[in-house]
Amino acid sequence: MNNYNFQNNISTDANECTSRGACSLAPSIAALQEVLFYFIKQSSYYILKLNKMGADNKSINLEIINDIASLIPINEFSENQLFSLITKQFYLLKNVKQTYLNLCQTNNEKALNLKFNIDFNENTTINNTISQGEKLFFTNYKKLTQEQRCLTDILILVIKSVCSNLSKLNDFDGIDSEIYINVLKAINIYNQRNYKPENIKKHLNNLSCLNNKLSIKISEHALKQFGKLSETEVSLSTRKGKAILVSGNNFFDLLNILEQSKDLPIDIYTHGNLLIAHAFEKFQKYDNLKGHYGKGNSNAILDFATFPGAILLTGNAGYNTDYLYRGRLFSNNNVIPQGLTKVDNNDYSELIKTAIDSKGFKTGKNKPSLRLGYNLDDFETKIQNCIEKLKTGEFKKLYIIGTDNYSEIRKEYFNDFYSNLNKDEAVLTLSYKCEKKNSLNIYIGNYDPLAVNLIFNILTKLKEFSDKITYICTNCSVMGFSNLINLKNQLNIKNLYMNNCPPQIINPSTLDLFTKTYGIKLTTDAKTDLNIMRNNF
């Protein structure tokens, strides 16, 4: 889907991109993704036809959603992992196409088939599939303009984000069929011979708005299922004993492990996006939930290497684990890396046994704790106070800082940013703490649906002061692009900033088009950015 230099590659289990350390995608991975999306877009065409004919298959719908969502960490995939997805999607395509043909015959209707340009069957090799993916790429490259290619890349990012949220929502309440159909319609435009940039933008704007609604739904379900959020002190220390680390996005997996191990001498630690679980009422009832471990998703490999117990990856958590930690890593993801043990039917007995057999923490280590969550009544009072000060002019500018994974570079940036604030400027931050008097610090971790819901809620309350607000998106996740589009379109937030994302997340030329299309500026250094932000008001 991106502009990559393809080359002949010998198929290996290793992901070339990650091995090299920094790139957009390994050429072989990009080629395989091209084939995978070719099958998915053809399936989208037939599923939409079947939907109009009143036919629906929820299991197939969920397969497509989960497979697209699992591609968010695409740069962490090996060729074998992607090839297994391709094979599954090929047979799924055959299924939906044949169902469509049969239904047309039954209803005595003319079947309208898509042309199929790939030679693929049960004997097709990975190398042959890579070769066909390269040809697909170059065919698309020649027929599309630079703008169409970049907009296609952005739309794929947003589609992945929406599918991730659809997958999360399914954990609570099943698939939102209406939003799923909108995803298929967006994918289906690539079955057309010509599609205008304006049509891609319409789908981008529509899906970003729907994605925001999904985040709100997921947040509401989480609060209903796990109880209210409250301010709580989360331990970042470890203690002597056996341990399990749970990483990813799925609260129910964490809950199941806590329940199944509650009478055993095993301590449970969260990792990454599951930090926010500690602030939910339901999780606070488990004494075996001891704290949060590690520095987060961006440091996952080191965190896993230093954790002396069993580790579970949940909710499409994607990390480069192909050659590491075999025997201690488990996953119930839709696609799991080679060397991990698959967990089926919420049976964590093997994971628990591995934790008991592992050496565990010999002594433990004390670290400062982390203040997490917020009191809703107190939060509402502080937001109302901010509104009053914006009205009176006591606050001439308000800077809102989004969530982040806390890199040292960004920490230095915001320390400099805060130190150069004027007395009549206020900060509301969801990540880097501000010690200034005119600041409101709210930390809820990096669970995207809760973060997006809270940001949207805050900015909705402050909508009449949109010309006095600057929002800085610091987290380069796929959700960030969708959220920025929605803030621009739905809340008319004029002053939007984001940090310069690495090429593993988005191609630089695509990022350039994204920022120009939606009037978003990239951060540079704190002093320069503050001067520009002040002049924009």
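The values are calculated or read from the model by the stated rules, or taken from the named source; none is laboratory data. Because the structure is predicted, anything quoted here is derived from the model rather than measured. Here the Cβ positions follow ideal geometry from the backbone for every residue, glycine too, while neighbour counts run over all protein chains shown. Note: areas computed on protein heavy atoms with side chains; ligands, DNA, RNA excluded. Shrake-Rupley method; radii C 1.70, N 1.55, O 1.52, S 1.80 Å.
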**Prompt:** If R0 is 35 Å, what FRET efficiency do you get for N489 and D377 from their C-beta distance, rounded to 0.05?
**Reply:** 0.65
**Request:** In nm, give the distance between the simple-model label positions of K389 and K58, each being 7 Å from the Cα along the Cα-to-Cβ direction.
**Result:** 4.9 nm
**Asked** What is the gain in length, in nm to one decimal, between S349 and Q105 on full extension, counting 0.36 nm per residue of separation less the C-alpha to C-alpha distance?
**Response** 82.9 nm
**Item:** Solvent exposure of the chain as accessible area per residue, Å², 1.4 Å probe
**Value:** 43 Å²
**Fill in**
A chain fully extended from E220 to E178 at 0.36 nm per residue, minus the present Cα-Cα distance, gains in nm 13.3 nm
**Prompt:** Where the accessible area of the chain is counted over protein heavy atoms with a 1.4 Å probe, how much of it, in %, is carbon and sulfur?
**Reply:** 47 percent
**Request:** Read phi for every residue in region 483-499 and hand back ³J(HN,Hα) as whole Hz from Karplus 6.51 cos²θ - 1.76 cosθ + 1.60, θ = phi - 60°, with x for Gly and Pro.
**Result:** 5, 5, 4, 5, 5, 5, 7, 8, 10, 6, 6, 7, 9, 10, 10, 8, 7
**Request:** Restrict the search to region 345-397; then list the trypsin sites (Lys or Arg not before Pro) that DSSP places in a loop and that have at most 16 other Cβ atoms within 10 Å of their Cβ.
**Result:** K359, K396
**Fill in**
XL table K196/K342; K202/K228; K295/K468; K224/K488; K262/K295; K201/K411; Cα-Cα > 32 Å flagged, in table order, is K196/K342; K202/K228; K295/K468; K201/K411
**Request:** Would you check the accessible area of F83, probe 1.4 Å, heavy atoms only, in square angstrom rounded to 10?
**Result:** 40 Å²
